[in-house]
Amino acid sequence: MKSHQSTQTMKPATAAKKLGVYLPATPADFQEGVVSRAELNELQENPPEWLRELRRNGPHPRPVVAAKLGVSIAGLARGGVTEALTTEQIEALKQERPEWLEKERATQAEVRKEAVRLKKRDAERARQGETDARRTS
């Protein structure tokens, strides 16, 4: 019996997420179809003009907006940003530097600092555990 491999496909929303673009801004044929793994790879390796344009100017999905502003997605929501933003709108926010953005950036910096501290602590504990294990063997 021969086994044939089926083509792996994904919903447009999944493909848009993997491509880092806002689904409602993509072409209708992209939104209405399914995307195979091969098609996704091709889009990533050789993005068509519409994809390059979306990545360059947006509108961008919230994870991309959050990353460009240096805040968390929850921080965006706390700041009242619930919609996709264009690159121009993101740049305007960076220039305006509203209070919520400065606060969320500071919070995000603290979160990153704490993550680094915990990583160092865990690495030190792992090294200590290896040393203890050698002593008891």
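List the aspartates and glutamates whose alpha-carbon lies under 15 Å from that of Lys113, not counting same-chain residues fewer than 8 positions away?
Result set, ordered by chain and number: Glu104, Asp122.
Sort 120-132, 55-67, 78-90 for me by packing, meaning the mean count of neighbouring Cβ atoms within 10 Å per residue, highest on top.
Numbers: 120-132: 9.9, 55-67: 17.4, 78-90: 15.1.
In descending order of packing, they fall as 55-67, 78-90, 120-132.
Would you mind checking Lys11/Lys68; Lys94/Lys120; Lys11/Lys119; Lys11/Lys103 for any pair whose Cα atoms are more than 28 angstrom apart?
Working: Lys11/Lys68 26 Å; Lys94/Lys120 32 Å; Lys11/Lys119 36 Å; Lys11/Lys103 36 Å.
The pairs that break the limit, which is 28 Å between Cα atoms, are Lys94/Lys120; Lys11/Lys119; Lys11/Lys103.
Please report the accessible area of Lys18 (heavy atoms, 1.4 Å probe, ligands and nucleic acids excluded) in Å², nearest 10.
100
Of (1) 7.9; (2) 15.2; (3) 12.0, which one was derived for mean projected area of the Cα convex hull in nm² from the structure shown?
The value computed from this structure is option (2).
The values are calculated or read from the model by the stated rules, or taken from the named source; none is laboratory data. Given the structure is predicted, the values throughout are model-derived calculations rather than measurements. All Cβ positions, even for glycine, are placed from backbone atoms using ideal geometry, and neighbour counts span all protein chains on display. Heads up: the accessible areas ignore ligands, DNA and RNA and are worked out on the full protein's heavy atoms, side chains in. Shrake-Rupley method; radii C 1.70, N 1.55, O 1.52, S 1.80 Å.
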